[in-house]
Amino acid sequence: MTVKTRRRVVEWEDPQRGALLARQMSGIELFRKVQTGEVPAPPISLLIGQTIEEVEEGRIVMALHPDEHLYNPIGTVHGGVIATILDSVMGCAVHTMLPKGRGYTTLEIKVNYLRAALVESGQLRAEGKAIHVGRRSAVAEGRLTDAQGRLVATASTTCLVFDI
């Protein structure tokens, strides 16, 4: 049996540059500039291949191709990758509601996995919506669907909001 080796190379900019830029603008400005490439994407996005597709106040959509480099030992996209993109869209949806000088971090996340994601699932689409954004905390929800519009996973989060 011949084994075909695969290779993936990931390049990124210094993440501190993006973090510095993030402190100088509102959340909605930040994600619009990440979407257009004016602000570098965070390394995690480049590592797993997620891209920003839509941005508006309180809502963000990201896409991910479920390539085999994201597979777990049983041949499906690793649950941690699914949790990562859902955490991203929910947190970023909250961040789009924050003014300059404010940031967030995830306090808790709950993910419900409903079906396996495979290369054959086609492009995955994650949508995050802010439900409540207060001075100290925020709540958001997320949905991940496959190329056929079938629900792959849902999630909810609570975020801590703070000065950056």
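Of note:
- Max mean-square fluctuation residue, GNM over the chain, Cα-Cα springs under 10 Å, options P99, P15, P40: P15
- Phi angles of the range 118-133 translate, via the Karplus equation with coefficients 6.51, -1.76, 1.60 and θ = phi - 60°, into HN-Hα couplings of 10, 3, 5, 5, x, 4, 8, 10, 10, 10, x, 10, 6, 9, 8, 10 Hz per residue; Gly and Pro are given as x.
- Using Cβ point charges alone (K and R +1, D and E -1), the dipole size of the chain about the Cα centre works out to roughly 200 debye.
- Approximate shape of the range 15-163 as ellipsoid semi-axes (Cα gyration tensor, √5λ), whole Å, largest first: 26, 17, 13
- Distance between the 7 Å Cα→Cβ label points at M25 and V119: 3.6 nm.
- Distant-in-sequence amide H partners of R102 (H built 1.01 Å from N, under 5 Å): I164
- Ordering T76, L124, T2 by the projection of their Cα atoms onto the charge dipole of the chain, which places +1 on the Cβ of Lys and Arg and -1 on the Cβ of Asp and Glu, puts T76 at the extreme positive end.
- Extension gain, F162 to N112: 0.36 nm times the residue separation minus the Cα-Cα distance gives 15.2 nm.
- Two-site FRET efficiency, K4 against T154, from Cβ-Cβ distance with R₀ of 35 Å, rounded to 0.05: 0.45
- Rounded to 10°, Cα long-axis angle of helix 27-36 versus longest principal axis of the chain: 40
Throughout, read-outs are computed from the coordinates displayed, never taken from laboratory work. Computed from a predicted structure; not experimentally measured. Glycine gets a Cβ as well: all are built from the backbone with ideal geometry, and neighbour counts include every protein chain shown.
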